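The values are calculated or read from the model by the stated rules, or taken from the named source; none is laboratory data. As the structure is a computational prediction, the values presented were derived from the model and not from experiment. Here Cβ is always computed from backbone atoms with ideal geometry, including for glycine, and neighbour counts include all displayed protein chains. When the accessible area is computed, the model is the full protein with side chains, heavy atoms only, and any ligands, DNA or RNA have been set aside. Shrake-Rupley method; radii C 1.70, N 1.55, O 1.52, S 1.80 Å.
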Amino acid sequence: MTISLTVNGVTHKVEVDPATPLLYVLRGELALDGAKYGCGLGQCGACTVQLDGKAIFSCVTPVAVAAGRAVRTVEGLGTIDHPGPLQRAFAEEQAAQCGYCIAGMIMRAQALLDANPHPDEAEIRRHMQTNLCRCGTHMRILRAIRRVAGLPRDGHTA
């Protein structure tokens, strides 16, 4: 079946089974490999992308669900030469260790910041709790998000 997908503002026609996970289409058909396959169960967040501005697990989302809707991946936030603000903050806070979870973390955080540019500490933690980092860089990830949100580095207000 031919499915029309708009990914990072570009429309693509893909010939796939409608039940194929969106992640497989992004990586295999469109060569967008920022989102990673982690658990395949929607439990780790490595595959997180945005669908109409909401963070979703692309490993458990059938591609047919994304037809006619806006998909945004980490590649749509910036480039190596011109990273987006959140990508820059992640680099400045050295939030990546192995880097496997980072694209998903960035996409979940971006969805929050797009909806609320100035979330409080509790909102950031609640929103990010579904994405896992096996290397333990959660504190650096939170600092990067706080930086973009204009909050103190330590998460405490005066």
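Of note:
- Hits in segment 36-76 - residues which are in a loop (DSSP other than H, G, I, E, B), open to solvent by 30 Å² or more (accessible area, probe 1.4 Å), within 19 Å of Ala19 (Cβ to Cβ) and among the small types (Gly, Ala, Ser): Ala67, Gly68
- Members of segment 1-35 that are part of a loop (DSSP other than H, G, I, E, B), open to solvent by 50 Å² or more (accessible area, probe 1.4 Å) and either in contact with a Gly (Cβ under 7 Å, 6 or more places away or on another chain) or closer than 14 Å to Ala70 by Cα (or both): Asn8, Gly9
- Residue match in segment 114-134 (condition: buried (at least 19 other Cβ atoms within 10 Å of the Cβ), polar (S, T, N, Q) and not in a loop (DSSP other than H, G, I, E, B)): no
- Selection status of Ala111, within 18 Å of Gln129 (Cα to Cα) and touching a residue at least 40 places away in the same chain (Cβ under 8 Å): yes
- When each of Thr130, Thr137 is tested for being polar (S, T, N, Q), closer than 16 Å to Gln87 by Cα and out of contact with any Lys or Arg (no Cβ under 6 Å at 6 or more places or on another chain), the lone residue that passes is Thr137.
- Summed over segment 77-104, residues that are part of a helix (DSSP H, G or I) and either open to solvent by 50 Å² or more (accessible area, probe 1.4 Å) or touching a Cys at 6+ places or on another chain (Cβ under 7 Å) (or both) total 5.
- Of all residues in segment 116-143 being among the hydrophobic types (A, V, I, L, M, F, W, C) and under 14 Å from the mean Cα position of the chain (by Cα), the one that is nearest to Arg72 (Cα to Cα): Met128
- Screening Arg143 with (1) basic (Lys, Arg); (2) in contact (Cβ under 8 Å) with a residue 12 or more places away in the chain; (3) outside any helix (DSSP H, G or I) gives one miss only, at (3).
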